[in-house]
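Novice: Can you keep this structure in mind? I'll have questions shortly.
What follows is calculated from the coordinates using simple rules that are stated; it is not laboratory data. From a predicted model like this one, the values you see are computed outputs, not experimental measurements. We place every Cβ from the backbone using ideal geometry, glycine too, and count neighbours over all the protein chains shown.
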Amino acid sequence: MKLLLKKPIFPGISQDELVHQLVGKKKANDKLPTWFSNNHVVYPSKLSMEQTSSETAAMYKSTIVQGDNLIDLTGGFGVDSYLFSSKFKEVLHCELNSELSMVAKHNFDVLGANTIKTIATDGINYLNETEKTFDWVYIDPARRDGNKKKVFLLADYQPNVPKNLKLLFDKTENILIKTSPILDISSGIEELKFVKEVHIVAIKNEVKELLWVLRKDFEGEAIIKTINILPTSNQTFNFHPSSEKKAIAEFSKVQQFLFEPNASILKSGCFKIIGIEFGLKKLSKHTHLYTSEKLVEFPGRIFEVLDVFPFNKKQLKKLNFEKANITIRNFPITVKQLRKEFKIGDGGENYLFFTQDSEGNKIVIWNKKIKSSGINPD
């Protein structure tokens, strides 16, 4: 705001343009380190920066695809196209906004990505008009309507992917689609058809995007692939929805160790197989926490249980914690309400889980977190 109110500092550059670049550069510091480290990069609008993939997420996407050529139908700032270019001889970047297309081209040039061709056009229109075919089609449809309001149904995205599936498969055998992490997975599989894989991508235990791999005329069951990308390691777990439906979970009282699945697994709906696979038992049907007398590697957070007691004011006041990390699972009171009621600040080495056991009793589990071999997210 101070800069905006000052007179122009550099000839030919308005203060608005200058602030625009400073805001973009600041956002790129964590999100796009390759772009941040290059002083010749130009940044787009704030909305475009918010909507673009992070470099970490784009790098993961690049591990799914490979071939001779790929077309990015909704290229945007070009982060995905840039990472795809290491896997293809040619990447075609389509972007309807001519100014954003120009920014992307400039940045591809200064970053040395000379196998990417940019076209300022609507990607769907381009496919309709071209006779070219591609090894892969990538599309990241906009999740806002004409009034810039967020939309939540796949059919309301722009462009409408289910409506254009025939056109897409006329030009390729393989499609990769990025969608919002809140999209329902079973509905997406039903709408998109030919879904071979669904990737649930979390970064530092926050789900960032869903990736849908479609194969022309694919008739098998989609596999769900979960990944939680951490600074020093990745947590992965894959399963078929039919296996989850058939599985029968075992239940138990709280034992020596407590296991909390990472965010990508919780999003996947894999609540029975995950316990069976790692030899763990659930606390209850709707409490997605697991327990065991043994310490095992697990794609999530692991705790050693210090105590378990019924939820009541007397017991909690006995602990006399000034600080604690509080998590609720299948519990009717919010974290904010609990902190206010019992005057517990955030942080420290104590972890309290407020939940219910298999008999519906409200319980509190007091834990300390186990840090070993990079298996726990921060």
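Novice: Going by the alpha-carbon gyration tensor, a ≥ b ≥ c the square roots of its eigenvalues, is segment 275-378 rounded (a/c under 1.5) or, if a/c is not under 1.5, prolate (a/b greater than b/c) versus oblate? Show your work: numbers first, answer last.
Specialist: Numbers: a/c = 2.05, a/b = 1.36, b/c = 1.51.
Since a/c reaches 1.5 but b/c is at least a/b, the shape of segment 275-378 is classed as oblate.
Novice: Something else: Just to compare against my own numbers: the Cα pair-distance distribution for segment 218-355, 5 Å bins, whole % per bin, please.
Specialist: 2, 9, 17, 20, 18, 14, 10, 5, 3, 1, 0, 0
Novice: Counting other Cβ atoms within 10 Å of each Cβ, which trypsin sites (Lys or Arg not before Pro) in segment 1-80 have at most 13 and sit in a DSSP loop?
Specialist: On the way: sites: LYS2, LYS6, LYS25, LYS26, LYS27, LYS31, LYS46, LYS61; in loops: LYS2, LYS6.
Passing sites in segment 1-80 are LYS2, LYS6.
Novice: Report, in deg cm²/dmol and to the nearest 500, the calculated mean residue ellipticity at 222 nm for the chain, where each DSSP H run with n ≥ 4 adds -39500 (n - 2.57) and the sum is divided by the residue count.
Specialist: Values: 14 runs with 108 residues, N = 378.
It lands at -7500 deg cm²/dmol.
Novice: Give the relative contact order (percent, whole number) for the chain; include only Cα pairs under 8 Å separated by 6+ residues.
Specialist: Working: 745 pairs, mean separation 33.2, N = 378.
Normalised by residue count, the contact order of the chain is 9 percent.
Novice: Once R0 is set to 22 Å, what does the formula 1/(1 + (r/R0)^6) return for the Cβ-Cβ distance between LYS7 and ASN29, expressed as a FRET efficiency to the nearest 0.05?
Specialist: Details: r = 28 Å, r/R0 = 1.26.
E between LYS7 and ASN29, to the nearest 0.05, is 0.20.
Novice: OK, next. Among rounded, prolate and oblate, which fits segment 1-77 when a ≥ b ≥ c are the square roots of the eigenvalues of its C-alpha gyration tensor, a/c under 1.5 means rounded, and a/b larger than b/c means prolate? Please report the intermediate quantities before stating the final value.
Specialist: Values: a/c = 2.86, a/b = 2.50, b/c = 1.14.
Because a/c hits 1.5 or more and a/b exceeds b/c, segment 1-77 counts as prolate.
Novice: Please work out how much length the chain gains when fully extended from LYS46 to VAL19, using 0.36 nm per residue of separation minus the C-alpha to C-alpha distance, in nm with one decimal.
Specialist: Working: separation 27, 0.36 × 27 = 9.72 nm, distance 1.07 nm.
Here the segment from LYS46 to VAL19 would lengthen by 8.7 nm.
Novice: Once Lys and Arg get +1 and Asp and Glu get -1 on their Cβ, which of GLY347, SER62, THR226 lies farthest toward the positive end of the dipole of the chain?
Specialist: GLY347
Novice: I've got another one for you. For Cα pairs less than 8 Å apart in space and 6+ apart in sequence, what is the mean separation divided by the residue count of segment 15-220, i.e. the relative contact order in percent? Spell out each step's value before the answer.
Specialist: Numbers: 368 pairs, mean separation 29.9, N = 206.
Computed over segment 15-220, the figure is 15 percent.
Novice: With a ≥ b ≥ c taken as the square roots of the eigenvalues of the C-alpha gyration tensor of segment 73-182, please select rounded if a/c is under 1.5 and otherwise prolate if a/b is larger than b/c or oblate if it is not? Kindly include the intermediate steps, with their values, before the conclusion.
Specialist: Working: a/c = 1.74, a/b = 1.27, b/c = 1.37.
Taking the square roots of the gyration eigenvalues as a ≥ b ≥ c, segment 73-182 is oblate.
Novice: Another question, then. Going by how many other beta carbons lie within 10 Å of each one, how would you line up MET1, MET49, fewest first? Present the calculation step by step, with values, prior to reporting the outcome.
Specialist: On the way: MET1 5, MET49 21.
With the sparsest Cβ surroundings first, the list reads MET1, MET49.
Novice: Could you give the dipole magnitude of segment 244-369 about its Cα centre, charging the beta-carbon of Lys and Arg +1 and that of Asp and Glu -1, in debye to the nearest 20?
Specialist: Details: 23 positive and 14 negative charges, 98 e Å.
So the magnitude is around 480 debye.
Novice: Here is a follow-up. Putting +1 on Lys and Arg Cβ atoms and -1 on Asp and Glu Cβ atoms, find which of GLY12, ILE370, PRO162 reaches farthest to the positive end of the dipole of the chain.
Specialist: ILE370
Novice: Would you mind pulling out the separation of the Cα centroids of segment 1-54 and segment 259-290, in Å?
Specialist: Distance between centres, Cα-based: 42 Å.
Novice: Continuing with this model, one more query. Suppose every K and R has +1 on its Cβ and every D and E has -1 on its Cβ; what is the size of the dipole of segment 15-220 about the Cα centre, in Debye to the nearest 20?
Specialist: On the way: 26 positive and 29 negative charges, 86 e Å.
Taking the Cα centre of segment 15-220 as origin, the dipole is about 420 debye.
Novice: Which of the peptides 77-90, 326-339, 197-210 is most tightly packed, and how do the rest follow, going by the mean number of other Cβ atoms within 10 Å of each residue? Write out the running numbers ahead of the final one.
Specialist: Numbers: 77-90: 22.4, 326-339: 14.8, 197-210: 20.6.
In descending order of packing, they fall as 77-90, 197-210, 326-339.
Novice: Under the 0.36 nm per residue contour assumption, what length would be gained going from the current alpha-carbon distance of GLU129 and ASP184 to full extension? If you can, show how the numbers build up before the last one.
Specialist: Details: separation 55, 0.36 × 55 = 19.80 nm, distance 3.28 nm.
Result: 16.5 nm gained on full extension.
Novice: Calculated FRET efficiency, THR121 and ASN234, Cβ-Cβ r, R0 30 Å, to nearest 0.05? Mind dumping the intermediate values first?
Specialist: Working: r = 36 Å, r/R0 = 1.21.
Step by step, r from the Cβ atoms, then E = 0.25.
Novice: Please give the peptides 218-228, 311-321 ranked by average Cβ packing (other Cβ atoms within 10 Å per residue), highest first, as a rough proxy for protection. All intermediate terms of the calculation are to be shown ahead of the outcome.
Specialist: On the way: 218-228: 18.2, 311-321: 12.6.
Top to bottom by mean Cβ count within 10 Å: 218-228, 311-321.
Novice: Tell me, how many Å apart are the Cα centres for segment 80-153 and for segment 313-332?
Specialist: Measuring centre to centre over Cα atoms gives 49 Å.
Novice: Starting from 0 in steps of 5 Å, tell me what percent of the Cα-Cα pairs of segment 15-220 lands in each bin.
Specialist: Answer for segment 15-220: a P(r) of 1, 7, 16, 20, 22, 17, 10, 5, 2, 0, 0, 0 percent.
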